[in-house]
Amino acid sequence: MSSPAGAKRGSQSGAKRFISGVVEGFYGRPWTMEQRTELFKREQKWGLSTYLYAPKDDYKHRMYWRDLYCAEEAEQLMALISAAKQHDVEFVYAISPGLDITFSNPKEVATLKRKLDQVKEFGCRSFSLLFDDIEKEMCPADKQAFSSFAHAQVAITNEVYQHLGQPETFLFCPTDYCAAFCTPNVSQSSYLHTVGEKLLPGIDVLWTGPKVVSHQISVESIDEVSSVLKRAPVIWDNIHANDYDPQRLFLGPYKDRPTELIPKLKGVLTNPNCEFYPNFVAIHTLATWCKSTADGGQRDVEMSDEEQDLCYSPQKALTLALTDWLQEFLSTDQPGGACRPSSRLKKESSDEEPMQTDMGDPAYVPGPGENPLYTAEPLTLEDLNLLSELFYLPYEHGPTARTMLQELDWLKTHSEAATVETDKTAEWRTRAQRFDELCEAVVQMFNRLSNAPNRSILYDLYNYICDIKSGVGLARAYVKTLGGQDRPSAQLMNDDPEPWGFRGGLSGEFQRMLPCHGNRDLFRHPPMTAVYSIRPYCPKDKMEVQRIFREMQRAGEDKVPTMTQPLLISDGLSAGEMPPSPQCGLVLEDEIGVCGFALGLTDAKPAAAKIQRVASDPDFPSLVTMQLLPRVTDSAPAKRMISGLLSSIRSCGSRGVFCELRQSDRRMLNFYTKLGSFKTIKMAGLPKDVIAMGMSL
Ligand code: GDL
């Protein structure tokens, strides 16, 4: 077998080998010993070098870190460590004492050493101390003994490292393990500087990138942190971790980490989905990434020409992974494979009778006029591709999922074309039909998956595929209703729906009530280019809001002088003459300061009366207004603000909102038009050159 490319990288150049592989570092049920052994086999096959044992909710890894392993546990761990050796995988044992350790107490340090000595006796040679996700405040005794939290952690880590005889691999996870946690930032973080200066040079540092779950990891960001840490970090990658959201699973390829990073890193360990089997793609694509080099400079001489296609493409890596995964789905001799053979699967172009493979009774053969035996279509690569696209990556849906969302959005926005003949009616019908086909493909994929022989993979996926099937089913029924093909579906329109008609439980309920609900809509809002924050409006923002309002008014002066600009109902709100309704104000800030606002009134009547207007459309009782300084070139923050504001107004029980826009305000006119959900409406007493747009909630 050819040698692992990732592992070879270092040994060829004489440096320590590149650490590549998996960290079992998530919250929740740890993997079983069999699953871990299966993991080692895969790592070996795919050329990954390392496994970091760090299951957060394993008793003796974190909460009861002081307790030694009992005989039975010892036996299991020994077997595991030796299985890793057998498969040429480096087993790194991690311990997380940070929840309650007193760093300054020598007894505590002795306890930690004793625990790691025990694991060393099991045959383990590589270790790690983790200080992630812990309270930063030191206890009074530690405050007296150490000048900072970093000093306390580094002192104990250095001591343990030396006690264990300076292992070849020794990893340290800082408490500030990503840029977002550093105060004020990476280059000025005194915590990271202490780690960089005081941590012994043989110890490597784990780092998750710009955030806990990093969308992208740039070369510049790694240069920056490496210079502070005085060493290249080992990435602890949470790109496929799903322990923070029970509805999400990540089956997309390893992505948005340029391969130029490889020579700048000490290693990459992925902390993937809690469910073991669906991690096939996460680990396989990471292995492909590790084998790629940006410059092709460090090729492994033993690699075939095919393997030497070193330019990493997430899409190609995904196809490679799914092609291999398909075999595993169809296999019964894998762990979890059903005893019933694949004889019930439809065979392609075969006239043979189903083979009998059960040892007991002969297979049931239906007689004439009896029901034919149910045979399932076998799972296809397209099915797996669709599955991956529906459960793609934390910041991105796969292409088919995006298409489905876009199509549904379009069908909803243009729903009048479905029932009243317009120039869009034919297009509406074609697109509705196409949407229906996409939904049907999901259902078929679900059916074929449910019939796949390998039950272990299926059981890990089951909740997720059921959930998506049900979500797609609701959307499909809704489109049929829009098209007048179906009576309004009982599930959708009924005010006493089945429980699957309102999903997400109490947590979903809470989210829908928050002003930022919808902020992370992965399909509408692409990631922003600058860093903005949206926060609730408070009275001290009045002057800033007024300043932006005036500035934008002046900006429109080249078209119409301020004095002659028509008066809008919302002007009083923007000018600070009246406050927004409670929870109906948001301000946008960038690094310079306040740069935009979105304000609302749940009842627009009093504001209208102030300028002798009537706002009496019962369908649109509420009012919104928004302005952004020209330096905000992204439309994403505006979309986020408006969706936050609309969700607040909706939760106040309003039926609809309207906004008034001067025709000279092209930017806002464009914004609301593109948003799609606002439509031009007729309003009594609207001044000349003012357009009103409304949206039902
Ligand atoms: C974290 C935890 C990790 C968890 C992940 C995703 C690190 C270093 N620690 O912060 O245990 O699985 O987030 O929720 O990433």
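The values are calculated or read from the model by the stated rules, or taken from the named source; none is laboratory data. Being a predicted model, the structure only gives us computed values, none of them experimental. Because the Cβ atoms are built from the backbone with ideal geometry, glycine has one as well, and the counts that use them run over all protein chains shown. Just the protein is used for accessible areas: all its heavy atoms, side chains included, with ligands, DNA and RNA removed. Shrake-Rupley method; radii C 1.70, N 1.55, O 1.52, S 1.80 Å.
Inside region 219-236, residues that are in a loop (DSSP other than H, G, I, E, B) and within 16 Å of the ligand (Cβ to nearest atom) make up a count of 1. Candidates SER664, SER635, SER648, SER622: the one that is modelled with pLDDT under 90 and open to solvent by less than 20 Å² (accessible area, probe 1.4 Å) is SER648.
Against the numbered list (1) assigned to a loop (DSSP other than H, G, I, E, B); (2) surrounded by 20 or more Cβ atoms within 10 Å (Cβ to Cβ); (3) away from the ligand (no atom under 16 Å from the Cβ), GLN216 comes up short only at (2). Within region 667-676, being open to solvent by 10 Å² or more (accessible area, probe 1.4 Å) and more than 28 Å from the chain's Cα centre (by Cα) holds for ARG667, LEU669, ASN670, THR673.
Being within 16 Å of the ligand (Cβ to nearest atom) and under 35 Å from the mean Cα position of the chain (by Cα) is the requirement here; does ASP100 meet it? It is false that ASP100 is within 16 Å of the ligand (Cβ to nearest atom) and under 35 Å from the mean Cα position of the chain (by Cα). When restricted to residues that are open to solvent by less than 20 Å² (accessible area, probe 1.4 Å) and in contact with a His (Cβ under 9 Å, 6 or more places away or on another chain), region 195-213 contains 1. In the set ALA530, ALA490, ALA475, only one residue is at pLDDT below 95, over 25 Å from CYS584 (Cα atoms) and surrounded by fewer than 16 Cβ atoms within 10 Å (Cβ to Cβ); that residue is ALA490.
Looking at ARG429, ARG434, just one residue is among the charged types (D, E, K, R) and touching a residue at least 40 places away in the same chain (Cβ under 8 Å), and that residue is ARG429. Of all positions in region 190-205, at least one carries a residue that is assigned by TED's automatic domain parsing to the domain that holds TYR27 and over 22 Å from PHE170 (Cβ atoms). Going by what's in this entry, would ALA615 be described as in contact with a helix residue (DSSP H, G or I) (Cβ under 8 Å, 6 or more places away or on another chain) and surrounded by fewer than 23 Cβ atoms within 10 Å (Cβ to Cβ)? So ALA615 does not fit the description; no. Evaluate the following for GLN485: is it open to solvent by 60 Å² or more (accessible area, probe 1.4 Å), at negative phi, in a loop (DSSP other than H, G, I, E, B) and not hydrophobic (A, V, I, L, M, F, W, C)? Yes; evaluated as a whole, the condition is true for this residue. For region 14-45, a residue qualifies if it is within 16 Å of the ligand (Cβ to nearest atom) and outside any strand (DSSP E or B), and the qualifying residues are GLY25, PHE26, TYR27, GLY28, ARG29, PRO30, TRP31. Residues in region 117-164 that are within 16 Å of the ligand (Cβ to nearest atom) and basic (Lys, Arg): 1 in all.
Residues in region 654-690 that are farther than 23 Å from PRO637 by Cα and among the aliphatic types (A, V, I, L, M): ILE681, MET683, ALA684, LEU686, VAL690. Look at region 49-78: where a residue is over 17 Å from ASP117 (Cα atoms) and a partner is among the hydroxyl-bearing types (Ser, Thr, Tyr) and open to solvent by 60 Å² or more (accessible area, probe 1.4 Å), sitting 6+ places away or on another chain with Cβ atoms under 6 Å, you get LYS56/TYR27; ASP57/TYR27. For region 46-64, filtered to residues that are more than 15 Å from the ligand (Cβ to nearest atom) and aromatic (Phe, Trp, Tyr), the residue that is farthest from the chain's Cα centre (by Cα) is TYR64. Does LYS198 meet the test of being at positive phi and more than 14 Å from the ligand (Cβ to nearest atom)? No; evaluated as a whole, the condition is false for this residue. Scanning region 46-81 for residues that are of a type in the set (Phe, Trp, Tyr) and not in a helix (DSSP H, G or I), we see that the one that is farthest from ASP132 (Cα to Cα) is TYR69. Here region 241-255 is the region considered, the condition is being within 10 Å of the ligand (Cβ to nearest atom) and open to solvent by less than 60 Å² (accessible area, probe 1.4 Å), and the residue that is nearest to LYS316 (Cα to Cα) is ALA241. Restricting attention to region 114-158, which residues are polar (S, T, N, Q) and either outside the structural domain of PHE170 (by TED's automatic domain parsing) or in contact with a Ser or Thr (Cβ under 9 Å, 6 or more places away or on another chain) (or both)? Listed by number, the residues that qualify are SER126, SER128, GLN144, SER147, SER148, GLN153.
The residues in region 179-192 that are open to solvent by 10 Å² or more (accessible area, probe 1.4 Å), free of Cβ contacts under 8 Å to residues at least 40 places away in the same chain and more than 15 Å from the ligand (Cβ to nearest atom) can be counted, and the count is 4. Being in a strand (DSSP E or B), open to solvent by less than 40 Å² (accessible area, probe 1.4 Å) and in contact (Cβ under 8 Å) with a residue 12 or more places away in the chain is true of ILE691. Which of the residues belonging to region 602-642 are within 22 Å of ARG666 (Cβ to Cβ), in a helix (DSSP H, G or I) and not hydrophobic (A, V, I, L, M, F, W, C)? Result: PRO637, LYS639, ARG640. I need a count of the residues in region 65-86 that are more than 16 Å from the ligand (Cβ to nearest atom) and open to solvent by less than 30 Å² (accessible area, probe 1.4 Å). Qualifying residue count for the region: 7. Filtering region 379-390 for residues that are touching a Phe, Trp or Tyr at 6+ places or on another chain (Cβ under 7 Å), surrounded by 10 or more Cβ atoms within 10 Å (Cβ to Cβ) and at pLDDT 70 or above leaves a non-empty set.
Only a single item in (1) of a type outside the set (Val, Ile, Thr); (2) in contact (Cβ under 8 Å) with a residue 24 or more places away in the chain; (3) open to solvent by less than 20 Å² (accessible area, probe 1.4 Å) is not met by ARG125, and it is number (3).
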